1. For region 222-247, how many residues are assigned to a strand (DSSP E or B) and crowded, with 16+ Cβ neighbours inside 10 Å?
2. For region 75-91, which positions are closer than 27 Å to MET169 by Cα and surrounded by fewer than 18 Cβ atoms within 10 Å (Cβ to Cβ)?
3. Would you check if VAL74 is touching a residue at least 40 places away in the same chain (Cβ under 8 Å), assigned to a helix (DSSP H, G or I) and over 24 Å from ASP27 (Cβ atoms)?
4. Taking the criterion of being assigned to a helix (DSSP H, G or I), in contact with a Cys (Cβ under 8 Å, 6 or more places away or on another chain) and open to solvent by less than 40 Å² (accessible area, probe 1.4 Å), would at least one residue in region 328-349 satisfy it?
5. Mind counting the residues in region 30-47 that are touching a Leu at 6+ places or on another chain (Cβ under 9 Å) and either part of a loop (DSSP other than H, G, I, E, B) or exposed (fewer than 12 other Cβ atoms within 10 Å of the Cβ) (or both)?
6. Condition first: assigned to a helix (DSSP H, G or I), in contact with a strand residue (DSSP E or B) (Cβ under 6 Å, 6 or more places away or on another chain) and open to solvent by 10 Å² or more (accessible area, probe 1.4 Å). Now tell me which residues in region 94-121 satisfy that.
7. So in region 1-29, with the set limited to residues that are open to solvent by 70 Å² or more (accessible area, probe 1.4 Å) and among the acidic types (Asp, Glu), which one is nearest to ALA349 (Cα to Cα)?
8. Is it the case that some residue within region 248-256 is surrounded by 15 or more Cβ atoms within 10 Å (Cβ to Cβ) and part of a strand (DSSP E or B)?
Amino acid sequence: MDINYTPEDEIFRADVQEFLAAELPKDLSDKVKAGQKLDGEDFMRWQRILGKKGWLAPRWPQEHGGCGWTAMQVNIYDEEAYVAGAPRVLPFGVNMVGPVIIEFGNEAQKVQHLPGIVRGEVAWCQGFSEPGSGSDLASLKTSAVRDGDHYVVNGQKIWTSYAHFSDWMFCLVRTDPKAPKKQQGISFLLVDMKTPGITVRPIITFDGMHSVNEVFLENVRVPAENLVGEENKGWDYAKFLLGNERTGIAGVGGCKAEFQKLLEIARTEKKNGKPLIEDPLFAAKIARLEIDLRALELTNMRMLSGSGSGLNGAFPSVLKVKGTEVQQRIAELQMDAVGTHALPWQQAAMDPAWNGDTVGPDYAIPRMPAYIDRRKATIYGGTTEIQKTIISKALLG
């Protein structure tokens, strides 16, 4: 695989930079760069801008509104967007349910849902995790019983990211409780979040943020036409979806941007009167991290370009494991770099409306919350232990 940028790639990079300079709202990029809280409208505003440009779905087929970009172009856009301070694109519509509908949905579902996703106008959330299921997703208990032209859904979902402003939820439900294996008897439903019987309750995480929720479903009537694919085959579609999710979780562009932020902090902070980056021990940690980040980027490029077939179906899991580990190490070193300035708990200072004084430099405020938030990265989307099992089975049989 040729990993050098061609003249055409550099022209594309210039186009991306020009677009970001002209269309990325400054108030959004200021929030992102300062590590401040983003609300639902912040995410959706940027996704609508990308959708208007036709740049929201780089990996979708062009016939469904995708960009048709090369692997290198996807990587270039990812890098430039993070450097510019663009909000990340929420993956649930574009990277998760969208490809499932394209691959397994019927024509009516494609017509109803794909245009809203690719234009950035419809927000989705994922109804997979349940209390008591943990990493054993196949043990889910939320039931869907057929009643005429509807399924009647009862159960509870948890850790449902951004359910509090989502329009739709893609949901795994048990439609055959007597199936011989727990992976069987599961179906994949598309649920309108305005349907009576749905209650969303916020979960405020340890970092003080509200991104995840509990979702209660009580006698929720879902039209049978919202079933994706075949009844009781939902586990197959879920595996397809999780492969896309794990690939995106690597977040190479975000890692590179956060690594540059780490370098800036290490050049600014002092140790024994010298820039921290000149401390041999800290410099060694940065060097090792940079090597692993570069390896992650090359692995991501191999997957995007379709090379490296020797990894069989293990690529998304490899990226998920290494990407989330790199994210955690970057956050940890950023926190170490600001030292005791990371200790004060100034949640209010992460609100854009805050006009008080901060303890220490402004860039120190989000370091501790970011460190805490990153601890979950090796758990969601399938834990590291689960991914290593998948990798082992793919390579060793």
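1. Just the residues of region 222-247 that are assigned to a strand (DSSP E or B), to begin with: 222-223, 227-228, 233.
Going one step further and asking which of them are crowded, with 16+ Cβ neighbours inside 10 Å, we end up with 222, 227-228, 233.
Selection size over region 222-247: 4.
2. ARG88
3. Numbers: touching a residue at least 40 places away in the same chain (Cβ under 8 Å): yes; assigned to a helix (DSSP H, G or I): yes; over 24 Å from ASP27 (Cβ atoms): yes.
In short, yes.
4. Within region 328-349, the subset assigned to a helix (DSSP H, G or I) is 328-342, 347-349.
With the extra rule that they be in contact with a Cys (Cβ under 8 Å, 6 or more places away or on another chain), the set shrinks to 330.
Of the ones still in play, those that are also open to solvent by less than 40 Å² (accessible area, probe 1.4 Å) are 330.
There is at least one residue in region 328-349 that is assigned to a helix (DSSP H, G or I), in contact with a Cys (Cβ under 8 Å, 6 or more places away or on another chain) and open to solvent by less than 40 Å² (accessible area, probe 1.4 Å).
5. Qualifying residue count for the region: 1.
6. Result: PHE104, single match.
7. First, pick out the residues of region 1-29 that are open to solvent by 70 Å² or more (accessible area, probe 1.4 Å): 1-2, 4-5, 7-8, 10-11, 15, 17-18, 21-23, 26-27.
Next, only the ones that are among the acidic types (Asp, Glu) stay: 2, 8, 10, 15, 18, 23, 27.
Values: ASP2: 45, GLU8: 43, GLU10: 39, ASP15: 35, GLU18: 32, GLU23: 27, ASP27: 16 Å.
The selected residue is ASP27.
8. Filtering region 248-256 down to residues surrounded by 15 or more Cβ atoms within 10 Å (Cβ to Cβ) leaves 248-256.
Filter once more, so that each one left must be part of a strand (DSSP E or B): none.
No: zero hits.
The values are calculated or read from the model by the stated rules, or taken from the named source; none is laboratory data. Here the structure is a predicted model, which is why all the values come from computation and not from measurement. No Cβ is skipped: glycine too gets one built from the backbone with ideal geometry, and neighbour counts run over all protein chains shown. Just the protein is used for accessible areas: all its heavy atoms, side chains included, with ligands, DNA and RNA removed. Shrake-Rupley method; radii C 1.70, N 1.55, O 1.52, S 1.80 Å.
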